[in-house]
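Step one of this worksheet: look at the structure below.
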Amino acid sequence: MQSVFNIIFSPDFFYDVLRVTTPILFATLAATVASRSGIFNIALEGIMLIAALVGVIFSAYFSSAWLGLLFALISGGLVGLFLGFLVLKLKTDAILAGIAINLMAAGGTIFLLYIISGDRGVSSSIKSLVLPKFPLPVIKNIPIIGTILSMQNILTYVVLLSVIVIHILLYKTPLGLKIRAVGENPNAAESVGINVHKIQYIAVTISGILAAFGGAFLSMGYLSMFSNGMTAGRGFIGLAADAMGGSTPIGALLVSLLFGIADSMGNVIQTGIKIPYEIVQMLPYITTIVGLAIFSYSKKKQIEKLKSK
Amino acid sequence: MSDIILEMKDILKIYPNGIVANEHINLSLKKGEIHALLGENGAGKSTLMKVLFGIEIPEEGEIILKGKRVYIKSPHEAIANGIGMVHQHFMLVPSLTAAENIILGVEPRKFGLFTNMEKAIEVADNIAKMYNFDIDVRAKVETLPVGIKQKVEILKALYRGAEILILDEPTAVLTPQETEELFIQLNKLKEKGHTIIFISHKLDEIKLICDRLTIMRNGKNKGTYKTEDVTTEEISRLMVGRDVFLEFDKEKANPKKTVLKVRDVSVKNKLGNLKVNNISFDIREGEILGIAGVEGNGQNELVDILTGLNENYTGNVLIFNKEAKELGIKGIRDLKVSHIPEDRMTYGCAKDMDILQNVFSNQYGDEKYSSKYLLKSKAMETRAEELIDEFLIKCNSFKQSVGMLSGGNIQKVVVAREFSVGPKIIVANQPTRGIDVGAAEFIRKKIIEFRDQGCAVLLVSADLNEVFELSDRLAVMYKGEFSGVFTNVEELTEEELGKYMLGLKKDEKLEGIIYE
C-alpha cells in the first residue's frame, strides 16, 4: 500500500497523467466544438480509431511520422464532414449516423489492417513511426515540474495549446460566436442571415480533426502501433467529459485531467496491489458513470433553482 | 405617389397542403407610417409578412420597393433590402449578451480574425442611445425581461439598416407599462422616417397608434383605411364578416347546489413566496364565477390546485364533497371536471398529433371508444367529425395535425375535447387569449350554454370585457388574495374594478364568496 502512495505522489505519476489525458482531452475538445454547434458527435470513437490506423499506415508508407499525422488529420476531417453530410443533408439522426460510423470504423479498420499486414490484431509488422518526444527548454531544468512537463509527446503540447486555441475560437472570433448561436438557437442565427448548415459543417470538420489528433496520438505516441479497438471507449469518455465540463474548453481540460488521473491510478494500482486486472481496467469507466451522475444531479438542482425564481 | 415606399402586388401564396393563405393580396405602405395589419387567426397576415421577409416564396405577385421591383428569397435578402422583422417568438440567443445578439452575423473584427468586442459594445450602445432605448448591452439576454428582449430585437433590425419594420403581435407578451413604452418608441421611430407594420388583434391599440390599417379575412384584403375613418364596430365587422356581439344576452343565472368548495387554501412557490394566500370560495351548479386580476397575482397557481396539477398546498379543496388531493388528476377528471389550460401549446394539446388523437386524449378509457384491448376507431372517427362540426373547427379532416391549425382553431380543439365529456365543472384559464374574435365569441357562447345546462364554471381571465360579459359573480385577485367580490356584476364599472385589481381598494369582508 505504501508503495502505491509513493508512486502516486511522485512526479513520474503526474507525467503519466498528462500522457494518459492527451487522447481524452482531444476527444473532449472535439465533442465540445461539435456540441456547441448543435450536433452531438457520437462518432468520435470511430474517427479516433480510423485516424489511429491511417496514421500508422501513412507514416510507414512515407517513412515520415509527420506525413502519417497529416493523413490521420485529413481522414478525421473527412469523416467529420461525412457525419455532417449524413445529418445535415440526408437528415439522419445524429446518434444513429454516429453509431453507424463507429461500427464501420471498428470493422473497417480490422479489415484494412488485415489486407495490409495480414494480421487481424496488431500492426506490429508495419514499420510505422512514432511522433517525437520533446524536451521543453528552461522548464526541463526546474525540478519536479520539469519532470512532469518536459519530454512529453509533441501532441501532449498540442492538446494543451488546443485548449487555448479552441477557447479563443469559441469566445473571441466571429466564427465562434456563430457556432454558439447556431447551436443554441438555429432559428435566430438563420434570421440574421447566417448559413446554419455551413457553420455546422465547419464545426464537425474541426471536431473530426481534433478527434483524429487523439487517434494519431494513440498509435504514434502512446503506443507505437495500431491494435484493434485501441481507442477503448475514449471517444465516449470525451463526450461524457464534455457534458461534465459544461461544453467549455477549460471545463474540458479539468474533467479530462480527472479522467486521466483515474486512468493512471488504474495503472499504478495494477502494479501495487493484487486486484484482478479486469476490475482495475474498469476504473476509468466507473469514474465516467459516477462523474456523470454527480454532474446531472447538480445540474438538476441548478435547473430547479432557476425554475423556482 | 412618391411617398409610397413599398407595394406588394397581387400576392398569391398556396401552401403545399392546398391551403390558399394569400389570394391576390395588394398592400401598399407609405413612408413613415404605422400601418396595422389585422384579421382573424388564419386570415393570412403572418403568411403575407413571411412573403415580405423572404421566409415564404409566393406563387405569384411582385414586391416593389421604392419604385423598383425586388425579389426577396430569404430573410438575408429582406434584411439587405432594409426590411426587418420582430418575430412573436424572439429570435435571440439566450446565453449571448444583448450586444452580441445585435451584431451577430455582421461582427466588427480586429486583426481580421477576432471579434472586436469593444467595438461591438460601442456600436450597440450607440444605436440604443440613438433611438432612446435604455438597455444594458453587456447583459446576457437570458437575464433580461421580455420587454427588454423585444427592444433588443428591434435594435437588431435597426442595426441592420431596417427602414421597414414588421412587428408581429408585439404587445401580446408585454405588460401594460411595457406596451406604453413600446408605443412611445414606435412613434419616435416613425418620426425618424421608419415605416412600421403592426400586426395585432387589439383594436384599442390599433386605434391608439396606427395611421392606417389593412384588414384581412380568409386570405383576402378587405380594405385599407385611415384609422380615424373607421369605427371599432366597422373594423370588427370587416374582420369577421358579421357583427360581433360585444354584449351577450345571457339569462340570469339559476344556481343550484354547491359543487366546488375551496377553504383556506394557500400555496407557496419554490422560492417560498406565498402565491395563494388563504383563499376560500364556493361555486354552485349553473353559475360562472369570474376571477379578474392583473396576471401573476396567483391565478395560475390557484387553477393548478383546483385541477390537481399541484398538490403541495394547505387548506381544503372539495369537489362534490371529495378532497381533491385524494382524487388526483385522474380522479378529478373522472368527476367531470374540465380544464382549459392557459398555455394551450404546452398543456392543451400535442401539436404533432392529429385532431382525432387530441380530441380523445382524455377519453381513451371510455368504453364507447375502446374495448378491453383495442380502440374502436370507427366510433372515434364519427365522434371526431361530429365535434369538428359542432365546434366549427376549420381543418381539412380529423387527420390534420393540430400544430397546422391557426391559434383559434387549436383552442377550439382543446375546448371541444374538454366540453365533449359533458363537464359538471369547468375550470377555464384565459380561454380566449390570443385568438380571433370569432373563435373567442364562439367559446364564450359555449361556456354560457354549459352554465345554462347546470355546469359550474370558474373563469380566470385577463380580458376585462370577457369577465364582465360572462361572470355571474366576480372576484378580483391581488397578490394571492381576493381583494374584492361582486355579486352584481352589471352595476360594476371598469374604473371601480381597476382599483381592486391594482390593490388601491380592498374589501375585507368578501361577502358572497361563500355560500353557507
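Taking first residues from region A:167-180 that are more than 8 Å from chain B (Cβ to nearest Cβ) and over 12 Å from residue A:199 (Cβ atoms) and partners that are part of a helix (DSSP H, G or I) and open to solvent by less than 30 Å² (accessible area, probe 1.4 Å), the Cβ contacts under 6 Å between residues at least 6 apart in sequence or on separate chains come to A:167/A:249; A:169/A:176; A:170/A:176. Residues in region B:81-133 that are without any contact (Cβ under 8 Å) to a residue 24 or more places away in the chain, in a strand (DSSP E or B) and either closer than 19 Å to residue B:194 by Cβ or at the interface with chain A (Cβ under 8 Å from one of its Cβ atoms) (or both): 3 in all. Scanning region B:316-363 for residues that are farther than 27 Å from residue B:404 by Cα, surrounded by 22 or more Cβ atoms within 10 Å (Cβ to Cβ) and of a type in the set (S, T, N, Q) yields a count of 0.
For region A:181-205, the set of residues classified as free of Cβ contacts under 8 Å to residues at least 24 places away in the same chain and not hydrophobic (A, V, I, L, M, F, W, C) consists of A:185, A:187, A:190, A:191, A:193, A:195, A:198, listed by residue number.
Selection of region B:400-416 for residues being in a helix (DSSP H, G or I) and either touching a residue at least 60 places away in the same chain (Cβ under 8 Å) or assigned by TED's automatic domain parsing to the domain that holds residue B:436 (or both) yields B:404, B:407, B:408, B:409, B:410, B:411, B:413, B:414, B:415. Please find, within region B:394-442, the residue that is farthest from residue B:215 (Cα to Cα) out of those that are open to solvent by less than 40 Å² (accessible area, probe 1.4 Å) and among the basic types (Lys, Arg). So, considering only residues that are open to solvent by less than 40 Å² (accessible area, probe 1.4 Å) and among the basic types (Lys, Arg), the one farthest from residue B:215 (Cα to Cα) is B:417. Checked against (1) farther than 30 Å from residue B:154 by Cα; (2) within 9 Å of chain B (Cβ to nearest Cβ), residue A:149 passes all but a single condition, namely (2). Residue B:397 meets the conditions (1) among the small types (Gly, Ala, Ser); (2) assigned to a loop (DSSP other than H, G, I, E, B); (3) at pLDDT 90 or above in every case but one. The failed one is (3).
So that you can scan it fast, the table gives a plain yes or no per residue for (1) at pLDDT 95 or above; (2) more than 19 Å from the chain's Cα centre (by Cα):
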{"position": "A:81", "(1), (2)": "yes, no"}
{"position": "A:86", "(1), (2)": "yes, yes"}
{"position": "A:103", "(1), (2)": "yes, no"}
{"position": "A:137", "(1), (2)": "no, yes"}
{"position": "A:141", "(1), (2)": "no, yes"}
{"position": "A:144", "(1), (2)": "no, yes"}
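Being among the small types (Gly, Ala, Ser), open to solvent by 10 Å² or more (accessible area, probe 1.4 Å) and assigned by TED's automatic domain parsing to the domain that holds residue B:279 is a condition met by at least one residue of region B:445-455. Put simply, of A:208, A:235 the only residue that is touching a residue at least 60 places away in the same chain (Cβ under 8 Å), away from chain B (no Cβ under 14 Å) and in contact with a Phe, Trp or Tyr (Cβ under 9 Å, 6 or more places away or on another chain) is A:208.
Note on region A:73-130: residues that are without any contact (Cβ under 8 Å) to a residue 60 or more places away in the chain, small (Gly, Ala, Ser) and closer than 15 Å to residue A:54 by Cβ total 2. Each residue in region B:482-513 was checked for being open to solvent by 60 Å² or more (accessible area, probe 1.4 Å) and within 21 Å of residue B:263 (Cβ to Cβ), and 5 pass.
Just one of the listed residues (B:172, B:162, B:157) is part of a helix (DSSP H, G or I) and within 13 Å of chain A (Cβ to nearest Cβ), namely B:157.
Would a scan of region B:364-380 turn up a residue that is closer than 26 Å to residue B:21 by Cβ, open to solvent by 70 Å² or more (accessible area, probe 1.4 Å) and without any contact (Cβ under 8 Å) to a residue 60 or more places away in the chain? The answer is no; no qualifying residue exists. Consider region A:187-205 and keep the residues that are facing chain B (nearest Cβ under 10 Å) and not hydroxyl-bearing (Ser, Thr, Tyr). The one that is nearest to residue A:84 (Cα to Cα) is A:195.
The values are calculated or read from the model by the stated rules, or taken from the named source; none is laboratory data. In this text, all values refer to a predicted model and were calculated from it rather than measured experimentally. Every residue, glycine as well, gets a Cβ built from its backbone with ideal geometry; the counts of neighbours run over all protein chains shown. What goes into the accessible areas is simple: the full protein's heavy atoms, side chains included, and nothing from ligands, DNA or RNA. Shrake-Rupley method; radii C 1.70, N 1.55, O 1.52, S 1.80 Å.
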